[in-house]
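See below for the structure under consideration.
Please treat every number below as a calculation from the coordinates, not as lab data. As the structure is a computational prediction, the values presented were derived from the model and not from experiment. Please note: Cβ atoms are built from the backbone with ideal geometry, for glycine as well, and neighbour counts cover all protein chains shown.
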Amino acid sequence: MTTAIEAFRLVAAPDVLITILLASIYGLVVGALPGLTATMATALLVPVTFYLSPIAAIAAIISSSAMAIFSGDIPGCLLRIPGTPASAAYTDEAYAMTRKGQAETALGICLWFSALGGIAGTLALLVIAPALAEVALNFSTFEYFWLAFLGLMCATLVARSSPVKAIAAMLIGLLVACIGIENPAGTPRFTLREFKGLTEIPFFRYVSENLLGGVEVIPALVGLFAVSEVMRAMVTPDPPPLPSRRLGGILRGQWELTKRYPKQQARGNVTGIIIGALPGAGADMAAWISYAISKRFSKEPHKFGTGHPEGLVESGASNNAALAAGWVPALLFGIPGDTITAIAIGVLYMKGLNPGPTLFTERASSMYALYLVFIIANILLIPLGIIMIRLATKVLRAPRSAIMPVVILCCAAGTFAVGNNLFAVACGAAFGIVGFAMERNGYPVAALVLGIVMGSMVEQNFVTSLIKSDGNLLPFFERPVSAVLAAMTIACLVWPIAIWAYRKVSPKRERMPLPAQ
Amino acid sequence: MHLSDRITGPFLVGLGALAAYGGSRLPPVPGQQIGPNVFPMVVGAGLVLCGAMIALGVGRVFEEEAEADLAAHENPPSPAETRHGPLFGLRALIPPALLLFYVLAVDRLGFFLTAASIVLTASKTLGASWRLAIPLSILAPAAIHLAFNKLLRVPLPPGFLPMPW
């Protein structure tokens, strides 16, 4: 009980409350602008969180990401351009409702079921995480290795691309994580020192010295998500202007919909929680899968795509639930549930809240505070969301030629702020090019990010396990939990092959026909 | 910058081979079988394998499906896109170039002048009018400087034009 009161005290501090409010507004605006994703909003926020208190820093990330996932629905609904990838699954449906003159209902569904989904996800986090922590206390390096590996495999399995390319992207991320001296042996790796004579040249010496500390995650993330987005804006045409439209009551009729689709809502929440809690798979995947499930089990599947609220209810409930559940593996094992928690883990370490099962006993009040922030953010989502929808016509009219220059400037100042080092800015630029090139060629950037974030953890546990077993691979499968995790990981690897083989065998007509454009 | 899988696949094979070779040359830890060389070699071998599979077109089916799915959910490409010249794609390199300009210039010119020229270039490239670009390139650097230097205490170099705060 005292920890709960302590948690209230932590959250009620004025700096935390102000941070929640400001981060919410920031998240709503950035999420609503097409092309600026929730992950990018979070990545650009990290340099700022360095200078906040631990709870305020976490609160900033939680509230801005929850808001950004919702407000990504706004341009999707009004312009048919998803503001964040998590909205892409049901953008068509929402826009069809707008065309039928039900824009306010569509936006209301997104808002209402997002908030409810977020709260459901938080409750799941509250229940699952401490229970799993008990189990996780018994984990050795073998289990941690498999868990981290499973996270990487899940990320490749759910990527909306070729699994081979996703694995390749993940391996590149692991390779990036190899750079520097931060490895179990403390040997400098891939720092250009391998090439004798190259470090005589001042430029390469400068690069080599900076690579010694490894590639910093935050500049890499800012480059991959923000710089590459500005690059994309340079070569794509401007989005169409927003038609002026008067909106009616946003929340009118939402209660009836809640009563009409209780099963869909619950199923969306559960799907979101499961996908979110899986290491590596996040809100965007949850929305795609929920929309597909909803259509599959609906009594009126023919209405999908014509402005039918059912799919919207389910996937809207799903993506925000996934967001909260994504924190389960992040807090317990330090394994990101999605790209947003991949960033959040860095902040957790920075603020002394090192992820791990002991977090729930040693820093219980901080954990309760984290749950509270989630609840507050999701409740705050409703009034702020309504204001945002009302203002959307103005915000969405901000020209891209005004937003993108500010984003690039934030990239420069933000990456510099991480370590007051100009090399980080150059690093951001380099990763911008990498991200842009990968996106263009069908290599999922999210898999690369997970590789970078989890590289040192995978290697640490892999090498420590190998040293313990004297180079023998058998002990990796001997402990019961590690055997189960190993089986799941291998299943993830085999799954795409199985699907492919099944399709080869089964007749062609069973394949989904492509929707007519 | 869209490259065929026949180019990116062999590139990955090369990268993986380089990583495995570089890893194999790392000095071992005395008295231990497992050193810093194991992980890069495993990852490098994986990349070689993936690169070869990509070059051979394995897994292309999944990608086509996802693309068709996404295309069905997004706006049809506007016809105006096809009018651009061959150098249009190079515009994508402007943002990283601006960041490199920041790295090289900020210590000499100071934050404000560097930032203002970055914003001006970026907004003009994206087709802003002078009426928008000039006020933006004055206000945005000032606001960022205020937020980062004053509130977050990041030491941004003052250069020729120190801010009044």
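Here are the numbers:
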{"item": "Angle between chain A longest axis and helix A:422-440 axis [Cα atoms, degrees, rounded to 10]", "result": "60 degrees"}
{"item": "Principal-axis tilt of helix A:54-71 within chain A, Cα atoms, nearest 10 degrees", "result": "40 degrees"}
{"item": "For segment A:123-165: Kirkwood Rh in Å [reciprocal of mean 1/r, alpha carbons]", "result": "12.3 Å"}
{"item": "Pairwise label distance in nanometres, B:Leu113 with A:Trp500, each label 7 Å out on the Cα-Cβ vector", "result": "5.7 nm"}
{"item": "Segment A:205-337, relative contact order [Cα under 8 Å, separation at least 6], %", "result": "27 percent"}
{"item": "Cα-based convex hull, segment B:100-165, per residue volume (Å³, whole number)", "result": "81 Å³"}
{"item": "Helix A:163-178 vs. chain A, principal-axis angle (Cα, 0 to 90°, nearest 10)", "result": "50 degrees"}
{"item": "Bins of 10 Å, starting at 0 and running to the largest distance - Cα pair percent for segment A:1-136", "result": "13, 33, 32, 17, 5, 0"}
{"item": "Peptide B:50-62, shielding by other chains (average Cβ, 10 Å cutoff)", "result": "6"}
{"item": "10 Å-binned pair-distance histogram of segment A:153-276 (Cα, whole percent)", "result": "10, 18, 23, 23, 13, 8, 4, 0"}
{"item": "Ratio of Rg to Rh over segment A:344-491 (Cα coordinates, Kirkwood Rh, two decimals)", "result": "1.07"}
{"item": "Amide proton proximity set for B:Gly110, modelled H, under 5 Å, gap of 5+", "result": "B:Phe160"}
{"item": "Hull shadow area, averaged, the protein assembly as shown [alpha-carbon convex hull, nm²]", "result": "31.0 nm²"}
{"item": "Gained length - A:Ala13 relative to A:Ile201, 0.36 nm times residue gap less alpha-carbon distance", "result": "62.4 nm"}
{"item": "Peptide-level mean, for B:20-30, of C-beta atoms on other protein chains within 10 Å", "result": "3"}
{"item": "For A:Arg189, residues with placed amide H under 5 Å, excluding near neighbours", "result": "A:Gly180, A:Ile181"}
{"item": "Within 10 Å of each Cβ in B:115-128, the average number of Cβ atoms from other chains", "result": "5"}
{"item": "Inter-site label distance for A:Arg296 and A:Leu137 at 7 Å from Cα along Cβ, in nm", "result": "3.8 nm"}
{"item": "Two-decimal ratio, segment A:76-158, of alpha-carbon radius of gyration to 2.2 N^0.38 Å", "result": "1.62"}
{"item": "Difference of contour (0.36 nm per residue) and Cα-Cα distance, A:Glu194 to A:Lys303", "result": "33.1 nm"}
{"item": "Sites B:Ala142 and A:Leu21, calculated FRET efficiency, Cβ-Cβ separation with R0 22 Å, nearest 0.05", "result": "0.40"}
{"item": "Inter-label distance for A:Ile490 and A:Leu391, nm, one decimal - labels placed 7 Å from Cα along Cα-to-Cβ", "result": "5.5 nm"}
{"item": "Computed magnitude of the charge dipole of the protein assembly as shown (debye, nearest 20; Cβ of K, R +1, Cβ of D, E -1)", "result": "1400 debye"}
{"item": "Segment A:123-212 - Rg (one decimal) and Dmax (whole number), Cα, Å", "result": "19.2, 58"}
